[in-house]
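Contents: one structure, followed by commentary.
The values are calculated or read from the model by the stated rules, or taken from the named source; none is laboratory data. Remember, it's a predicted structure, so these values are computed and weren't measured experimentally. Note: ideal-geometry Cβ built from the backbone for every residue, glycine included; neighbour counts use all protein chains shown.
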Amino acid sequence: MSFSDPMTNSEDEQFIKNMGDNLKSPLIWEASAIMMQRYIKQLVQHEVDVITDSDWFQDQIFQAAKDALNEDD
């Protein structure tokens with residue numbers, strides 16, 4: 001019985017498949033490095049989107065703005 005990892009999404013699964021396919025040949029290491037770089041950038045962007053689209057982030061921005069305005073008094 002295998003359990004799915006809630007932190008793994010379809011992008012992760014495709015990345016793992018692509019890496020397995022590409023690493024069979026040492027001649028494709030550069031392409032693999034480029035693919036890893038692209039994947040990491042997409043993963044970071046996704047995490048940034050999750051954070052910045054949250055109510056928590058908006059509350060932090062509003063609180064920082066309120067604090068900044070109160071410091072000017």
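The residue that is farthest from Asp12 (Cα to Cα), counting only those in the range 45-73 that are in a helix (DSSP H, G or I) and among the charged types (D, E, K, R), is Glu71. Looking across the range 1-55, the residues that are within 15 Å of the chain's Cα centre (by Cα), at pLDDT below 70 and loosely packed, with under 11 Cβ neighbours inside 10 Å come down to Pro6, Met7.
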